[in-house]
Amino acid sequence: MKTISKIAAIVMSLTMIVSLAACGAEKNNEASSVESAEVKTVTTEVRFGALYGPTGVSLAKLAKEKATIAEAYSDGANSYTNTYTPDYVDEPTQMVGKLSSGDVDVACVPTNLAAKLYKVTGGNIKVAAVSTLGVLYMIDTSGEVKSVADLSGKTIYAPSSVQGSNPEYILNYVIARNNLTDAKVSFEYTVDELTAKIVSGDVQTIMVPEPKATAIKGQLKKAEKEFTVTDMQAEWNKVCDTPIAQGVVVVRADWLKENEGAFRTFLNDFAASSDAALNDTDNTVAAVVELGVIPNEALAKQAIPNCNIVSVTGEDMKKSVSGFINVLLEADPQSVGGAAPDDNFYYVG
């Protein structure tokens, strides 16, 4: 009888162990099921704006794919993926209207324009990334200009479209720092008019951004004209310790408040798109030509390496942008709206 009782006890124990194990497994499965159910995928349409030119290049992959291309941001409860609607314009002033009206949520704009927008929108614009470090080049056919120091007594022509924006202030700053009191700057011609005039010899010294700089060099070579090219970024670095942060990514603060997860994914995607512009040449060239950002493949291949495309975020972005704005503020307060933006201007994540 004792033996039978022991056997019965063992059987009962084993039964309980198996039951407990089954319950544990069931609970674990239930927990996994709950955990899986809690992590939801949230898909957001992000409308972004860019200018034809370098910022259009950095966003080309996103504009082509129109969907998340990098790691989706997750806050533990939600995983955020995006679809993208690109909007390209010719002039920075056009982007002002689209941001102010809410037609775009995110945009690439000149840094000084971002500072002005922050003021006029009552703080509804935040800067989140540096997109370009500098894209300006001086082209001269006189044979006398090898650097900015050689511009004494000369007139430098820049496109009318850049007046009141970073290129004007960068050029004026470099001229002032070189003590060139007799150098003049003119904005009376469009970039296409300047191209024709430097080829014909009507003007001799111009400053233009990429990809126009590369296009003009091609026209001069075709016309068998001698010319020199001065890298304005290098000239800036000779007279200023703060690097140029010429273009930035901005976001509407009201949209950001409701869509921060989507915006964090956008920043991941922007970094991936910028990296593709630098390292996936063939696909980038094809994309920018298809989008109309640069008119042909030959020009795109030559111009893209000179566009100084980057993706700088967080505290590094804040340091770079605030430093550049302070330089502009000292040179011309109106270039950034009369005062440097406060810390709420910066989105560091």
Among the residues of region 140-163, the number that are closer than 20 Å to Val327 by Cβ, under 22 Å from the mean Cα position of the chain (by Cα) and either in contact (Cβ under 8 Å) with a residue 40 or more places away in the chain or assigned to a helix (DSSP H, G or I) (or both) is 1
Give me the pairs: first residue in region 279-292 and more than 10 Å from Ala60 (Cβ to Cβ), second residue open to solvent by 50 Å² or more (accessible area, probe 1.4 Å) and of a type in the set (Phe, Trp, Tyr), beta-carbon distance under 9 Å, and six or more apart or on different chains, which are they?
Gly292/Tyr52
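Within region 243-270, can you find the residues that are open to solvent by 40 Å² or more (accessible area, probe 1.4 Å) and either aromatic (Phe, Trp, Tyr) or closer than 23 Å to Leu136 by Cα (or both)? If you could, list the steps in order and put the result at the bottom.
Of region 243-270, the ones open to solvent by 40 Å² or more (accessible area, probe 1.4 Å) are 243, 254, 257-258, 260, 264, 268.
Within region 243-270, Pro243 is the sole residue that qualifies.
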Go through region 313-344 and give me each residue that's over 21 Å from Tyr173 (Cβ atoms), out of contact with any strand residue (DSSP E or B) (no Cβ under 6 Å at 6 or more places or on another chain) and of a type outside the set (Gly, Ala, Ser).
Glu315, Asp316, Asp342, Asp343, Asn344
Pairs needed: first member in region 212-236, over 22 Å from Val57 (Cα atoms) and modelled with pLDDT of 95 or more; second member anywhere, in a strand (DSSP E or B) and open to solvent by 20 Å² or more (accessible area, probe 1.4 Å); C-beta distance under 6 Å; at least 6 residues apart or different chains.
Val229/Tyr137
When region 19-71 is checked residue by residue, the ones that are open to solvent by less than 30 Å² (accessible area, probe 1.4 Å) and either modelled with pLDDT of 90 or more or assigned to a strand (DSSP E or B) (or both) are Thr44, Val46, Phe48, Gly49, Ala50, Leu51, Val57, Ser58, Leu59, Ala60, Leu62, Ala63
Could you check how many residues of region 75-85 are touching a residue at least 60 places away in the same chain (Cβ under 8 Å) and either on the phi > 0 side of the Ramachandran plot or open to solvent by 30 Å² or more (accessible area, probe 1.4 Å) (or both)?
4
Pairs returned, first residue in region 110-126 that is basic (Lys, Arg), second residue that is open to solvent by 40 Å² or more (accessible area, probe 1.4 Å), beta-carbon separation under 8 angstrom, 6 or more apart or interchain, are Lys119/Ala339; Lys126/Asn344
Flag for Thr228 being polar (S, T, N, Q) and either within 28 Å of Ala115 (Cα to Cα) or buried (at least 20 other Cβ atoms within 10 Å of the Cβ) (or both)
no
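Of everything in region 86-111 that's outside any helix (DSSP H, G or I) and open to solvent by 60 Å² or more (accessible area, probe 1.4 Å), which residue is farthest from Val127 (Cα to Cα)? Talk me through it step by step, then tell me what you get.
Applying the first criterion (outside any helix (DSSP H, G or I)) to region 86-111 yields 86-91, 102-110.
Filter again for open to solvent by 60 Å² or more (accessible area, probe 1.4 Å), leaving 90-91, 103.
Details: Asp90: 21, Glu91: 19, Asp103: 18 Å.
Filtering first and then ranking leaves Asp90.
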Which listed residue, of Ile304, Ile309, Ile325, is touching a residue at least 40 places away in the same chain (Cβ under 8 Å), over 26 Å from Thr85 (Cβ atoms) and surrounded by 15 or more Cβ atoms within 10 Å (Cβ to Cβ)
Ile325
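Does Ala114 count as assigned to a helix (DSSP H, G or I) and farther than 30 Å from Ala72 by Cβ? Break it down stepwise before answering.
Details: assigned to a helix (DSSP H, G or I): yes; farther than 30 Å from Ala72 by Cβ: no.
Against the criterion (assigned to a helix (DSSP H, G or I) and farther than 30 Å from Ala72 by Cβ), Ala114 does not qualify.
Taking the conditions exactly as written (open to solvent by less than 60 Å² (accessible area, probe 1.4 Å) and in a loop (DSSP other than H, G, I, E, B)), does Gly218 satisfy them or not? Talk me through it step by step, then tell me what you get.
Values: open to solvent by less than 60 Å² (accessible area, probe 1.4 Å): yes; in a loop (DSSP other than H, G, I, E, B): no.
No, not satisfied.
Counting only residues that are open to solvent by 20 Å² or more (accessible area, probe 1.4 Å) and modelled with pLDDT under 90, how many does region 142-164 have? Steps first, please.
Keep residues of region 142-164 that are open to solvent by 20 Å² or more (accessible area, probe 1.4 Å), which gives 142-144, 146-147, 149-150, 152-155, 157, 160-161, 163-164.
After this cut, where a residue has to be modelled with pLDDT under 90 as well, the list is 146-147, 149, 161, 163-164.
Going through region 142-164 one residue at a time, the tally reaches 6.
Here is a yes/no grid of residues against (1) open to solvent by 30 Å² or more (accessible area, probe 1.4 Å); (2) farther than 23 Å from Tyr173 by Cα; (3) part of a helix (DSSP H, G or I):
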| position | (1), (2), (3) |
| --- | --- |
| Leu194 | no, no, yes |
| Val199 | yes, yes, yes |
| Thr214 | no, yes, yes |
| Gln233 | no, no, yes |
| Asn237 | yes, no, yes |
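So in region 112-139, with the set limited to residues that are among the hydrophobic types (A, V, I, L, M, F, W, C) and open to solvent by 20 Å² or more (accessible area, probe 1.4 Å), which one is nearest to the chain's Cα centre (by Cα)? Spell out the reasoning first.
Going through region 112-139, the residues among the hydrophobic types (A, V, I, L, M, F, W, C) turn out to be 113-115, 117, 120, 125, 127-130, 133, 135-136, 138-139.
With open to solvent by 20 Å² or more (accessible area, probe 1.4 Å) added as a condition, the list becomes 113, 120, 133.
Numbers: Leu113: 14, Val120: 22, Leu133: 10 Å.
Taking the candidates together, the pick is Leu133.
Regarding Thr205, is this residue surrounded by 21 or more Cβ atoms within 10 Å (Cβ to Cβ) and either among the aromatic types (Phe, Trp, Tyr) or closer than 30 Å to Lys116 by Cβ (or both)? Write out each step before concluding.
Values: surrounded by 21 or more Cβ atoms within 10 Å (Cβ to Cβ): yes; either among the aromatic types (Phe, Trp, Tyr) or closer than 30 Å to Lys116 by Cβ (or both): yes.
Yes, satisfied.
The values are calculated or read from the model by the stated rules, or taken from the named source; none is laboratory data. Here the structure is a predicted model, which is why all the values come from computation and not from measurement. Methodologically, a virtual Cβ is constructed for each residue, glycine included, from the backbone with ideal geometry; neighbour enumeration extends over all protein chains shown. Ligands, DNA and RNA are stripped out before the accessible areas are found, and what is left, the full protein with its side chains, is counted by its heavy atoms. Shrake-Rupley method; radii C 1.70, N 1.55, O 1.52, S 1.80 Å.
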